[in-house]
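Note sheet for the following structure.
The values are calculated or read from the model by the stated rules, or taken from the named source; none is laboratory data. Just so it is clear, the model here is predicted, and its values are computed rather than measured. Cβ placement follows ideal geometry from the backbone for every residue including glycine, while neighbour counts extend to all protein chains displayed. Ligands, DNA and RNA are excluded from the accessible area calculation, which covers all protein heavy atoms including side chains. Shrake-Rupley method; radii C 1.70, N 1.55, O 1.52, S 1.80 Å.
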Amino acid sequence: MSLQLGVHGMPPAKRRVILRELATARGVTQRGLAKTLQKLHDRGLLTDALVRTPTPQQYERAIHAAVEDISEKVTPVGPVVQYISLPIDGGMAWPYIHPATFLIYLTSVCASFYNLIADVVAHVGHDLNVLVYIDAVNPGNQLAPTANRDCECIYWTFKELPAWFLRRKCAWFTFGLLRSKLAKKIPGHISALMKTVLRVLFLSTHGLQNGCILQNGQRSLMITGRFGGFMADEKALKEVYDMKGQAGNIICLSCALTVRNRWVPTDGVGAIKFWEPEAGMMSTTTKEHIHEIVRRIKEDPNNERWQRQLGVNFNEDGIMFDDAFLDMTDPIRFYIRDWMHTLVSHGVVGTELALLCKHLQTLHVPVGVVQAYARQFHLPRCRGTVTDAFFEQGLMTPTHVRNWASDILTMMPLMYAFIVDKMQPRGLAPEHGQCFILLYTIICILRKGEISQAIHDRLNDVIWQHARAFLHIYDNRNCKIKFHHLYHLAADMLRIGRMLSCFTTERKHRDIKYRARTTWRKFERTVLVQYVNDAVHHFVSGTHDCLRCCLVGGMSVPDTNLRIAKAAQLPCGEVFANDMLFMTSGTVCNVIDFWASDDDPTALVFRAQQLQSVDGRPLHWRTDAPRDVVRSVDDIVEAIPWRVVDSRTVLAKPALF
């Protein structure tokens, strides 16, 4: 039986579509696909060769042309992939995805994405704010990294997009990538590179500030974009703004007079140490203060001592020392910290977890006991399983836990359950346990994803309570610089109106890594062209990422207009059958399945077994008398870890908001 890929005499456009779809399959290189098609043809399994002359070279050329087809699409303002000259080795043509042309093309071929943008414009207007993200990525083996293939990835998005959409990696659009070794050759390095990006985004003829018209069929709308901030890890933000960070005496440009622990200003001004809670309450730095720092450094650019005292490196090609760009990217307003890097990526949570486990050892509770307790838990399916790396003694130092950020995020509720279930009933380390619960409360508020003035005030209050408790118990010797950045986190999130983290952009790195690890020639262009093809194909191939809620897979129910599925894509992420859910009513439910109507596929309900709480036992729920319920997915807060206590009881961790 032959593999029916098409009919004889298939139109060239249809052949290109088939080849483009095949090329987007995970785990398949273009050369590997060409060899596969050649072997299928040689054995008579293809009724249409898909090329005029079925040779390996012709297949490779046809696949290459099909993949590049989207990147060469021409919109009213130019092709999707364009080039700009960088001052590297006499001039380098750097490929990038023009934001306006990408939006114009994507909305023209994807109605669901156009509808999403139209809803945003209807609610907030056509003037949108653009967030820019940059991070270094190593596409090789993470256990044996080589700096030769490191590249700087630059993404962007609109902060007005729905919060549930911003949690999905497709909400962040790729601008371009550049190998780090080439970025270092640019005069001004990363800061100068970001100036080039901002020129394209906002200061060019077809920049977003001039607006672009998006069309889908007979519908059209116009949007404009203005700079809304840089979001990245601490290292990248320091490179963008040429800050010294903890290498300087002034470690934070967001608040005045916050200094390192061992430096005292000589001008008699009363400085505040970075770990003190008052550092987060004091008046912020003004724009005039920033301009004064720049002016003083410009007066004596070779004075390293003066730069160290003011906390800024001199970079004549950087953003801070270009008046036009300094006003556009004011670090007081547009320096955005994210909670992932502040808390769980070599941050505050890792430090406190290590210190708490160290203290438990002094009470004759080794970390192995905590690890054995954690292994009893079942995690939501989307978060995998509890691994041996959780609370592993070999990954713990006296002041830090050397786990991945996602692992530390999962370890937090497990440690919280250990405190409530085991430590508090025995009166073990009550102050240490309460301090950790405050930190866990901070994470819960941030993970909810919503921000308002009331939530900002609540978050700030918990942050300051935790800071005072931490300093009282563990002393300031265990405070990192990120301990200070936590004071500014609530204000940063309120300013952009979103509880954003870099977990989403870190997941997006996989798309770049996947294409980059098999690319060696014309690295930037090849990876970018393949990415554009993948990204557009992802949107137009029936994906539901532009819908707030939808079933994942599933099947139709006979003789009805209903569909049933064992999984659903929700604002809190993917939820599966048998996951334990924490509800807005404070109850816990065990999912059976999800249902939707063909008339409104986004209005989902789910069947579940609602558990009854156990009086006098926090976190415990009875399983011997569940109540069958049908609830709307809007009532779901999140999927939560749980463990079996006995034949009639489970322990499930609720969210603390």
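Worth a mention:
- Residue list for the stretch 584-608, filter: surrounded by fewer than 18 Cβ atoms within 10 Å (Cβ to Cβ), at pLDDT below 95, out of contact with any Lys or Arg (no Cβ under 7 Å at 6 or more places or on another chain) and part of a strand (DSSP E or B): Ser597, Asp600, Pro601, Ala603
- When His466, His472 are screened for being without any contact (Cβ under 8 Å) to a residue 60 or more places away in the chain, in a helix (DSSP H, G or I) and under 26 Å from the mean Cα position of the chain (by Cα), only His466 passes.
- Of the residues making up the stretch 444-474, those that are surrounded by fewer than 21 Cβ atoms within 10 Å (Cβ to Cβ) and among the β-branched types (Val, Ile, Thr) are Ile455, Val462, Ile473.
- Tally of residues being without any contact (Cβ under 8 Å) to a residue 24 or more places away in the chain and crowded, with 20+ Cβ neighbours inside 10 Å across the stretch 387-406: 0
- Residue match in the stretch 151-163 (condition: touching a Pro at 6+ places or on another chain (Cβ under 8 Å), open to solvent by 20 Å² or more (accessible area, probe 1.4 Å) and under 17 Å from Glu524 (Cβ atoms)): no
- With respect to the stated conditions, Ala111 is more than 27 Å from Ser191 (Cα to Cα), open to solvent by 40 Å² or more (accessible area, probe 1.4 Å) and under 26 Å from the mean Cα position of the chain (by Cα).
- Leu439 fulfils the conditions (1) open to solvent by less than 50 Å² (accessible area, probe 1.4 Å); (2) free of Cβ contacts under 8 Å to residues at least 12 places away in the same chain except for a single criterion, (2).
- Residue-level analysis places Ile63 among those that are modelled with pLDDT under 90, farther than 19 Å from Leu177 by Cβ and of a type in the set (Val, Ile, Thr).
- Of the candidates Gly542, Gly553, the single residue that is in a loop (DSSP other than H, G, I, E, B) and at pLDDT 80 or above is Gly553.
- Of residues in the stretch 265-288 being surrounded by 13 or more Cβ atoms within 10 Å (Cβ to Cβ) and more than 26 Å from Leu459 (Cα to Cα), the one modelled with the highest pLDDT: Lys287
- Scanning the stretch 538-566 for residues that are aliphatic (A, V, I, L, M) and in contact with a helix residue (DSSP H, G or I) (Cβ under 8 Å, 6 or more places away or on another chain) turns up Val540, Leu547.
- Enumeration of residues in the stretch 546-556 that are of a type in the set (A, V, I, L, M) and either surrounded by 18 or more Cβ atoms within 10 Å (Cβ to Cβ) or more than 30 Å from the chain's Cα centre (by Cα) (or both): Leu551, Met555
- Qualifying residues in the stretch 513-542 (those that are free of Cβ contacts under 8 Å to residues at least 24 places away in the same chain and not charged (D, E, K, R)) - the one least open to solvent (accessible area, probe 1.4 Å): Thr519
- The set of residues from the stretch 475-498 being open to solvent by less than 60 Å² (accessible area, probe 1.4 Å), in a helix (DSSP H, G or I), of a type outside the set (A, V, I, L, M, F, W, C) and more than 18 Å from Thr285 (Cα to Cα) comprises Asn476, Asn478, Lys482.
- Filtering the stretch 220-239 to residues that are open to solvent by 20 Å² or more (accessible area, probe 1.4 Å) and farther than 29 Å from Val109 by Cα leaves Asp233, Glu234, Lys235, Lys238, Glu239.
- Figure legend. Inter-residue proximity from the stretch 581-602: first residues under 21 Å from His378 (Cβ atoms), second residues in a strand (DSSP E or B) and of a type in the set (Asp, Glu), beta-carbon distance below 7 Å, spacing 6+ or different chains. Indicated pairs: Phe582/Glu638.
- Residues of the stretch 618-647 that are over 33 Å from the mean Cα position of the chain (by Cα) and surrounded by fewer than 13 Cβ atoms within 10 Å (Cβ to Cβ): Asp624, Ala625, Arg627, Asp628, Asp646, Ser647.
- Residue that is surrounded by the fewest Cβ atoms within 10 Å (Cβ to Cβ) [pool: residues in the stretch 557-566 that are in contact (Cβ under 8 Å) with a residue 12 or more places away in the chain and either touching a Lys or Arg at 6+ places or on another chain (Cβ under 8 Å) or assigned to a loop (DSSP other than H, G, I, E, B) (or both)]: Asn561
- Subset tally (residues that are of a type in the set (Gly, Ala, Ser) and at pLDDT 95 or above) for the stretch 430-468: 1
- Matching residues in the stretch 122-150 - criterion: being open to solvent by 10 Å² or more (accessible area, probe 1.4 Å) and at pLDDT 90 or above: Ala122, His123, Val124, Gly125, His126, Asp127, Asn129, Asp135, Ala136
- Pairs, first outside any loop (DSSP other than H, G, I, E, B) in the stretch 68-93, second open to solvent by 20 Å² or more (accessible area, probe 1.4 Å) and acidic (Asp, Glu), C-beta under 7 Å, six or more apart: Pro79/Glu72
- For the stretch 292-314, filtering for residues that are of a type in the set (Asp, Glu) and under 16 Å from Tyr241 (Cβ atoms) leaves 1.
- Checked against (1) charged (D, E, K, R); (2) under 30 Å from Asp634 (Cα atoms); (3) within 24 Å of the chain's Cα centre (by Cα); (4) open to solvent by 20 Å² or more (accessible area, probe 1.4 Å), Lys508 passes all but a single condition, namely (4).
- Scanning the stretch 349-404 for residues that are aromatic (Phe, Trp, Tyr) and assigned to a strand (DSSP E or B) returns a single hit, Phe377.
- Residue satisfying all of: in the stretch 358-372; among the β-branched types (Val, Ile, Thr) and in contact (Cβ under 8 Å) with a residue 24 or more places away in the chain; farthest from Leu395 (Cα to Cα) among these: Val365
- Some residue of the stretch 185-192 being of a type outside the set (Asp, Glu), touching a residue at least 40 places away in the same chain (Cβ under 8 Å), buried (at least 21 other Cβ atoms within 10 Å of the Cβ) and touching a Ser or Thr at 6+ places or on another chain (Cβ under 8 Å): no
- Boolean, Asp323 is within 20 Å of Ile190 (Cβ to Cβ) and open to solvent by 10 Å² or more (accessible area, probe 1.4 Å): yes
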